[in-house]
1. Which condition number in (1) at pLDDT below 75; (2) surrounded by fewer than 18 Cβ atoms within 10 Å (Cβ to Cβ) is the one that residue 113 fails?
2. Give the residues of segment 36-55 that are touching a helix residue (DSSP H, G or I) at 6+ places or on another chain (Cβ under 7 Å) and part of a helix (DSSP H, G or I), sorted by residue number.
3. Within segment 70-79, is even one residue in a helix (DSSP H, G or I) and in contact with a helix residue (DSSP H, G or I) (Cβ under 6 Å, 6 or more places away or on another chain)?
4. Report yes if residue 89 is assigned to a helix (DSSP H, G or I), at pLDDT below 95 and either surrounded by fewer than 20 Cβ atoms within 10 Å (Cβ to Cβ) or not assigned by TED's automatic domain parsing to the domain that holds residue 158 (or both), otherwise no.
5. Select, from 225, 234, 211, the only residue that is assigned to a loop (DSSP other than H, G, I, E, B) and either out of contact with any helix residue (DSSP H, G or I) (no Cβ under 9 Å at 6 or more places or on another chain) or modelled with pLDDT under 90 (or both).
6. Could you check segment 18-35 and list, in sequence order, the residues that are in a helix (DSSP H, G or I) and within 16 Å of residue 125 (Cβ to Cβ)?
7. If a residue counts only when it is under 18 Å from the mean Cα position of the chain (by Cα), farther than 16 Å from residue 115 by Cβ and not assigned by TED's automatic domain parsing to the domain that holds residue 111, which helices (runs of 4 or more DSSP H) contained entirely in segment 129-202 have at least 2 such residues?
8. Of all residues in segment 268-293, how many are modelled with pLDDT of 90 or more and within 14 Å of residue 181 (Cβ to Cβ)?
């Protein structure tokens, strides 16, 4: 198999995920397919020898393509929502990809897309890539030319708007909270299999330099590795919301020393560990009990 054929095969393996990103960003099946094709063109022209994480590169690239498209929408009227039924697939007349169609049907509710459409392009880009696909704030910051701290604030603002609209499904805070509470309980009780079942197979955990000094790895990938890290831990972690995300906080007295933020769709797809005092001071940490009142 030639290098070009291998690259095309790897792209096709990532196509369902890329189309899901584009669908959430653009709200249109036809536009999503166009954005995915544009991403393929970018990949085919890129120097792939410098790409360490192809899946991550593709996710960020399709997001960038979609962001450009959202920004140009201000110069032309948007297409009205089709309330009669789901949008037709853009590969009309061609073979249907069952996996892609299943992902599209289960992952993108119309109510969610309508709410996302109220966000500014940068807010939508940050929310979709981080809160739905666990792309790091550092990677997103490089695309939107902001600092990671500024991107975190954008995500928090977008998150509040989405939740205030009462959208249910993958962004439902109550369901996310239940998943996280089950994860923390399984961690404390050392139930490894339960931890694995609550984690997406491709889950990623990122820790800041201070947390790394306390024993975390800067980045850990995979459900087994992360379940192994948490197995028997989280003894001092108190359930909390961290910038609107379900999570936990470790406190000494009333001072937060470490926070865990969980990104949850069907299962946990991302975990962020923050222990840097300067960063902790910028986070809005609310106890889960207070949030329920």
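The values are calculated or read from the model by the stated rules, or taken from the named source; none is laboratory data. As the structure is a prediction and not an experimental result, all values here were calculated from the model. FYI the Cβ positions are ideal-geometry reconstructions off the backbone, even for glycines, and counts take in every protein chain you see.
1. (1)
2. The first filter runs over segment 36-55 and keeps only residues touching a helix residue (DSSP H, G or I) at 6+ places or on another chain (Cβ under 7 Å), leaving 36, 38-40, 42-43, 48, 51, 54-55.
Result: 36, 38, 39, 40, 42, 43, 48, 54, 55.
3. We begin by selecting, within segment 70-79, every residue in a helix (DSSP H, G or I); these are 70-75.
Filter once more, keeping what is in contact with a helix residue (DSSP H, G or I) (Cβ under 6 Å, 6 or more places away or on another chain): 70-71.
Within segment 70-79, one or more residues are in a helix (DSSP H, G or I) and in contact with a helix residue (DSSP H, G or I) (Cβ under 6 Å, 6 or more places away or on another chain).
4. Numbers: assigned to a helix (DSSP H, G or I): no; at pLDDT below 95: yes; either surrounded by fewer than 20 Cβ atoms within 10 Å (Cβ to Cβ) or not assigned by TED's automatic domain parsing to the domain that holds residue 158 (or both): yes.
No.
5. 234
6. Kept after step one, since they are in a helix (DSSP H, G or I), are these residues of segment 18-35: 18-26, 29-35.
Residues satisfying the conditions are 18, 20, 21, 22, 23, 24, 25, 26, 31, 32, 35.
7. Values: elements: 137-144, 148-164, 173-189, 192-198.
It comes to 173-189.
8. Total meeting the criteria: 1.
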